[in-house]
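J.: Sending over a structure as structure tokens; questions will come in a sec.
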Amino acid sequence: FGTMIDEAGLDACTARANDLMALSRERVASEVLKLLVATNAVPVVALMVERGIFQAVLPEIDAEGAERLALLADRETAAGIAPAPIRRLAMTIAPTAAEAVGARLKLSNTDRKRLIAATAGPGTEGPQALAYRTGLTVAIDRLLIAGEDVSTIKDWTPPVFPFSGGALVERGLRKGPDVAAMLRRVETQWISEGFPGADRVAVIADDLVAEVSA
């Protein structure tokens, strides 16, 4: 993927674009994913879209997708985040196409799940809450795709929830669904307060248990 365009080679690729259908889906996936993170990925993808080279194997990558890829590349650079092929693929296709594209390219289960997850919106909880619930990789993908700030989670390690169902049983709740439901409420409140320490979580639990016991 050099900086100079070989016009004769490009014309040949355009003329034989349908030959890509003869390649295995795994080979197509491998080549596309390498292309998306190549040094000159943005102009090359735009040129391939213009020439209709993707049409035979990945028509979901269109002119709008190429424009979105350019935006994502700029955001990655500005944030100091390394390009990721699955993230970039997610940006170049419509969110509704993620599952079908992942299946057609025979992506690994891990890559397919990441592709689908990346196309969902970041939600309204905030970057750290998103990272806690989905993991850092998915959170960064979603935020970059949405054009939102990733600085608060770029070097952040999601904390471990400092509470357990046993602590709720000690507070008088019966083991089973009641404990599970209350534990989720405590965790949700803990997240919304910005992940405070164990002492504050104990107070949250006391208050919520008292509320249902009243």
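Quick note: the coordinates plus some simple rules give every number you see, no bench work behind them. It should be emphasised that the depicted structure is a prediction, and the values quoted were computed from it without experimental measurement. Cβ coordinates were reconstructed from backbone atoms using ideal geometry, including for glycine residues, and neighbour counts include every protein chain displayed.
J.: Along the Cα→Cβ direction, 7 angstrom out, place labels at R104 and R133. What is the inter-label distance in nm?
T.: My value for the distance between the label points is 3.1 nm.
J.: On full extension of the chain, what length is gained from S30 through D206, given 0.36 nm per residue of separation minus the C-alpha to C-alpha distance? The partial results should precede the final answer.
T.: Working: separation 176, 0.36 × 176 = 63.36 nm, distance 5.31 nm.
Extra length available between S30 and D206 comes to 58.0 nm.
J.: Hey, got a sec? Which GluC sites (Glu not before Pro) in segment 107-214 land in a DSSP loop and have at most 12 other Cβ atoms within 10 Å?
T.: On the way: sites: E125, E148, E170, E187, E193, E211; in loops: E125, E148, E193.
Those that pass, being in a loop and sparsely packed, are E193.
J.: Which longest run of the chain has no exposed loop site in it, a site being trypsin sites (Lys or Arg not before Pro) in a DSSP loop with at most 16 other beta carbons within 10 Å, and the site itself not part of the run? Please list the in-between numbers first.
T.: Numbers: sites that count: R16, R51, K106, K154, R171, R174, K175.
Answer - 52-105.
J.: Another question, then. In whole Hz and in residue order, list the ³J(HN,Hα) couplings for segment 44-58 that follow from phi through the Karplus curve 6.51 cos²θ - 1.76 cosθ + 1.60, θ = phi - 60°; x for Gly and Pro.
T.: 5, 4, 4, 5, 5, 5, 4, 8, x, 6, 7, 3, 6, 10, 8
J.: List, in order, the whole-Hz ³J(HN,Hα) value for each residue of segment 163-177 obtained from phi through the Karplus relation with A = 6.51, B = -1.76, C = 1.60 and θ = phi - 60°; use x for Gly and Pro.
T.: Working through the residues one at a time gives 7, 8, x, x, 5, 6, 4, 4, 8, x, 7, 7, 4, x, x Hz.
J.: With charges only on Cβ, +1 for K and R and -1 for D and E, what is the dipole size of the chain about its Cα centre, in debye, rounded to 20?
T.: 700
J.: Something else: Can you give the translational diffusion coefficient of segment 86-214 in µm²/s, computed by Stokes-Einstein from the Kirkwood radius over Cα pairs at 37 °C and 0.692 mPa s?
T.: Numbers: Rh = 16.7 Å.
After rounding, the answer is 197 µm²/s.
J.: Taking θ = phi - 60°, what integer Hz values does the Karplus form 6.51 cos²θ - 1.76 cosθ + 1.60 yield along segment 131-148, in sequence order, with x for Gly and Pro?
T.: 5, 5, 7, 10, x, 4, 4, 5, 4, 5, 4, 5, 5, 5, 4, 7, x, 9
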